[in-house]
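Here the structure comes first, spelled out in C-alpha cells, and everything after it is commentary.
The values are calculated or read from the model by the stated rules, or taken from the named source; none is laboratory data. Source: prediction; values computed, not measured. Positions of Cβ are backbone-derived with ideal geometry, glycine not excepted, and every protein chain shown enters the neighbour counts.
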Amino acid sequence: MASNKKVRLDSLCLSEDNPRSITSKKFEDMKRSLEEDPWMMELKPIVIDENRVVLAGNQRTKALMDLGYEEVPAEWVVQYKDLDEEQKLKFMIKDNTHFGKWDTPKLLTKKDEKTLQDWGALEPRYISKKKDEKSSLRTYRIEIQSTSPEDRDRAKNLLSENGFQVK
C-alpha cells in the first residue's frame with residue numbers, strides 16, 4: 001500500500017564502487033522503461049545503506065534524476081543499516097550478476113520480437129529465421145577445443161545466444 005512519504009533523490013549518494021556501466025542507448029531505454037512502467041520501482045526498489053549510499057539501483061537513480069524526478073515515493077527506496085563492508089560489496093556485485101539466460105524461442109512464443117527488444121530481452125542483432133529461409137541456411141562445422149566440459153558448454157551457449165543453431 002502506497003504512502004504519501006517521499007524520498008529526495010539528492011539525499012542519496014551514488015556508489016563510487018558501482019560495478020556496472022551503461023551505454024547511452026541502454027540508459028535511454030531505461031529512462032523510457034521507467035516512464036512507461038514506474039510501478040515496477042516498488043517491485044525492484046533502490047537499495048541504500050545507513051549512509052544513504054546506493055547499493056543497488058545506481059543507474060535507475062541516475063535515470064530518474066535525468067527524467068526530472070526530485071523525489072520518489074518512499075516505497076521505491078529500501079534502506080539496510082546492518083551490513084558490513086564485505087556484505088555491501090557482495091550485494092552490489094551479486095545484484096548485478098545475471099546467472100540465467102533467455103530461452104529466445106520460448107520468449108518468441110509469448111511476445112513479438114520488437115516488443116522483446118523494447119523490453120531489453122533481445123538484442124537488436126537477433127534475427128529470427130522464417131521457415132522459408134531455412135533452406136538458404138548453410139551448415140558449417142566448428143571444432144571447439146577446451147579443457148573442461150564447462151568451457152565447451154559456455155562456448156555452445158554463447159553461439160546459441162547469438163542466434164546460431166548448435167548441435
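Taken over region 77-106, residues that are among the aliphatic types (A, V, I, L, M) and part of a loop (DSSP other than H, G, I, E, B) amount to 1. In region 57-77, the qualifying residues are those that are in contact with a Ser or Thr (Cβ under 9 Å, 6 or more places away or on another chain) and small (G, A, S), and the one that is farthest from K31 (Cα to Cα) is A74. In the set N58, N18, only one residue is surrounded by 11 or more Cβ atoms within 10 Å (Cβ to Cβ), within 27 Å of E85 (Cβ to Cβ) and more than 13 Å from the chain's Cα centre (by Cα); that residue is N18. Would it be correct to say that A74 is on the phi < 0 side of the Ramachandran plot and over 18 Å from the mean Cα position of the chain (by Cα)? Answer is yes for this residue. Condition first: in the same structural domain as K31 (by TED's automatic domain parsing), of a type in the set (A, V, I, L, M) and surrounded by 10 or more Cβ atoms within 10 Å (Cβ to Cβ). Can you find one or more residues in region 79-91 that meet it? For region 79-91, residues in the same structural domain as K31 (by TED's automatic domain parsing), of a type in the set (A, V, I, L, M) and surrounded by 10 or more Cβ atoms within 10 Å (Cβ to Cβ): present. Looking across region 50-71, the residues that are on the phi > 0 side of the Ramachandran plot and in contact with a helix residue (DSSP H, G or I) (Cβ under 9 Å, 6 or more places away or on another chain) come down to R52, G57.
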